[in-house]
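Student: For reference, the structure I am asking about is given below.
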Amino acid sequence: MNAASPPTSASAPTSASSRLRAGSVLSVVRRYPDALLGLVGSLLVFAGSYGLADVPRNDATLEGLGLAPMTYGYGKTLSGFAFWLGIALMVIAWVRIGRDHRRMSLRATLTTIGAWTVPLMFAVPTFSRDVYAYLGQAAVLQHGFDPYTDGPAHNPGPIVDSMAQIWAPTTSPYSPAFMLLMRGVVGIAGDNVFAGVFLVRLVLLPGLLLTMWAVPRIAAHFGASRRLGLWLVLVNPMLLVHLVAGPHLELLMMGLLAAGVALVLDGRHVVGLLVLGVAASVKITAAIAIPFVLWIWIDHRRTARRTESPDAAEPVGFAERVRLFVATAGIPAAVFGGFTLTLGLGVGWINGLSYASRIINPFTIPIAVGHVVTYAVAPLTVWNLQEVLVVTRFLGSLALAVILVTLWWRSRGGERAATAAMAWAMFALLLLEPSTLPWYYTWVACIAVAFTLPMWARQWVVGVSVFFLITFQPDDSILFYKPLESAMALALSVLAAVSLRRRDPLRLRSLWSLLVRG
């Protein structure tokens with residue numbers, strides 16, 4: 001009896017600790033059920049992507065894993081059901097979290113983002129085949145070609161086969177730092193497409209972590225809600241799925257952009273400009289934010305002098321403004337130049353930017369106007385859409401230039417005005433550039449968190465996000481030009497937007513009570 005006593009006494013604490021852990025898990029689940037709902041949705045998106053998304057072509061990996069049946073027949077149907085159920089659950093969870101965002105702590109919000117991200121890291125690329133283009137252009141570079149003059153088709157193989165073939169002969173539009181990163185990925189993964197995709201996600205993952213660090217700081221600096229900022233940017237299923245499961249380089253660019261802005265707002269201007277220089281070296285779009293740093297820096301100098309000697313505070317003189325202007329322009333330019341010299345291929349990426357005109361969707365003003373014009377004159381004559389777009393895109397570029405200069409000049413009032421103008425400048429770029437895709441909205445979102453958006457603006461964010469999630473399909477197709485499917489997407493997006501304000505807009509609970517009680 002005595003010999004049997006120690007195991008009995010030892011098992012009691014173990015059993016108690018197990019019950020304690022189980023109790024704590026259940027407590028978390030009860031406290032944050034929407035976070036769990038979104039995690040289930042993320043897992044379903046991950047599982048469904050293997051049958052519905054952009055599976056690498058001429059690659060035997062799925063066959064080796066026994067997953068090939070998911071890509072056809074009943075397996076594909078089941079994958080589609082799992083994928084779209086997962087998207088629906090993530091959207092429902094996102095809307096519910098946004099409606100009661102004060103119930104979830106900042107730490108819980110960050111944990112939710114991390115939990116939803118993990119399954120997406122292992123998904124097949126969804127909604128886009130851009131990641132294969134990243135690998136294809138890096139493979140060209142790895143094999144001794146110049147991706148700024150030679151397209152991925154110069155290096156045939158499973159990577160090129162997996163790309164959208166319209167991009168196979170085109171040159172790279174990507175900035176030098178990103179090309180250096182991708183060359184490293186291809187140097188490790190070789191022609192193994194699945195390994196290459198996973199390594200791309202690992203390379204882009206710091207962008208997610210930087211955004212999780214920077215967004216609360218930007219929001220708190222202006223007194224906005226940190227949790228609401230994270231909800232807008234990273235709990236958003238449209239952005240999270242596109243950026244991580246996509247994946248897209250905007251994830252890294254967004255993190256660097258947000259971190260650079262956060263550092264500048266904290267008064268670490270030189271470090272912030274260095275980070276913004278890296279962001280522009282990943283994707284040149286980030287450079288739009290840099291001119292506005294000048295006004296923030298000047299405002300900080302003015303405020304510091306006023307604090308030190310409020311009675312005799314001297315204004316920031318012309319000579320000092322010139323020095324700050326030179327530093328604001330010069331520091332990021334030096335960073336970009338350093339990456340350009342390291343890559344050793346000059347600025348040929350500028351030529352690749354012109355290929356964006358191949359993307360035609362009605363989500364920018366120039367393309368929408370082009371569609372309207374061609375439809376309007378159709379009863380009278382036939383105008384080629386491409387010829388009309390040359391004119392509308394040119395006018396859009398002129399309007400964009402005027403808007404950017406005007407926004408910059410009128411944001412001299414201080415850091416708040418400059419940050420707001422920075423966000424509006426990114427939004428203007430989205431509306432007036434030659435083409436816009438859903439994940440581009442990260443450019444605006446990571447800066448707009450500086451301000452607590454009114455409910456109507458949040459509803460627009462929800463509606464547009466849900467609409468893009470449905471109209472852009474996981475196999476890289478688009479449903480916008482199909483009237484019935486577009487109408488369904490619009491109805492669901494309106495329902496999601498209304499649900500952000502009202503808990504049960506369709507009165508389903510009343511209907512359920514009526515059915516149950518008779």
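Student: Would you mind counting up the charge near T471? Only other residues with Cβ under 15 Å from its Cβ, with Lys and Arg at +1 and Asp and Glu at -1.
Tutor: -2
Student: In what sequence, highest mean first, do 474-482, 166-174 appear when ranked by Cβ atoms within 10 angstrom?
Tutor: 166-174, 474-482
Student: I would also like to ask the following. Looking at (i) 46, 24, 19; (ii) 38, 32, 27; (iii) 53, 26, 19, which value of semi-axes √(5λ) of the Cα gyration tensor in Å comes from a calculation on the structure shown?
Tutor: (ii)
Student: Let me know the charge dipole size of region 381-486 about its Cα centre in debye, to the nearest 20, where only the beta-carbon of Lys, Arg (+1) and Asp, Glu (-1) is charged.
Tutor: Once rounded to the nearest 20, the dipole reads 480 debye.
Student: Can you compute the charge dipole magnitude of the chain about its Cα centre, using +1 on each Lys and Arg Cβ and -1 on each Asp and Glu Cβ, nothing else charged? Give it in debye, rounded to the nearest 20.
Tutor: That gives the chain a dipole magnitude of about 2160 debye.
Student: Follow-up question, since we're still on this one. By the scheme Lys and Arg +1, Asp and Glu -1, what is the net charge of all other residues having a beta-carbon under 13 Å from that of L89?
Tutor: Its environment carries a net charge of 0.
Student: Here's something else I'd like to know. Can you give the local net charge around M163? Use residues other than it whose beta-carbon is closer than 12 angstrom to its beta-carbon, Lys and Arg +1, Asp and Glu -1.
Tutor: -2
Student: Okay, next question. Per DSSP helix of 4 or more residues, -39500 (n - 2.57); summed, then divided by the residues of the chain. What does that give at 222 nm, rounded to the nearest 500?
Tutor: Calculated from helices alone, the mean residue ellipticity at 222 nm is -22500 deg cm²/dmol.
Student: Separate question: Enter the accessible area of I365 (Å², nearest 10), with the probe set to 1.4 Å and all protein chains included.
Tutor: For I365, solvent-accessible area is about 80 Å².
Student: Report, by chain and number, residues whose modeled amide H sits under 5 Å from the one on I478, excluding near sequence neighbours (fewer than 5 apart, same chain).
Tutor: Amide H neighbours of I478, under 5 Å, 5+ apart: Q473.
Student: Taking amide H positions as placed 1.01 Å from N in the peptide plane, with prolines and chain starts having none, which residues 5 or more places from T452, or on another chain, fall under 5 Å of its amide H?
Tutor: S225
Student: Leaving out ligands, DNA and RNA, what percent of the accessible area of the chain is carbon and sulfur, probe 1.4 Å?
Tutor: Carbon and sulfur together cover 67 percent of it.
Student: Let me ask you something else. Please give the peptides 213-219, 114-120 ranked by average Cβ packing (other Cβ atoms within 10 Å per residue), highest first, as a rough proxy for protection.
Tutor: Packing order, densest peptide first, comes out as 213-219, 114-120.
Student: Which whole-angstrom value gives the distance between the alpha carbon centres of region 87-154 and region 359-375?
Tutor: 27
Student: Once phi is turned into ³J(HN,Hα) by the Karplus curve 6.51 cos²θ - 1.76 cosθ + 1.60 with θ = phi - 60°, what whole-Hz value does each residue of region 126-141 show in order, with x for glycine and proline?
Tutor: Values per residue, Gly and Pro as x: 10, 6, 6, 10, 4, 4, 5, 5, 4, 5, x, 5, 5, 5, 4, 5 Hz.
The values are calculated or read from the model by the stated rules, or taken from the named source; none is laboratory data. Since the model is a prediction, treat every value here as computed from it, not as a measurement. All Cβ positions, even for glycine, are placed from backbone atoms using ideal geometry, and neighbour counts span all protein chains on display. We work out accessible area using only protein heavy atoms, side chains counted, and drop any ligands, DNA or RNA first. Shrake-Rupley method; radii C 1.70, N 1.55, O 1.52, S 1.80 Å.
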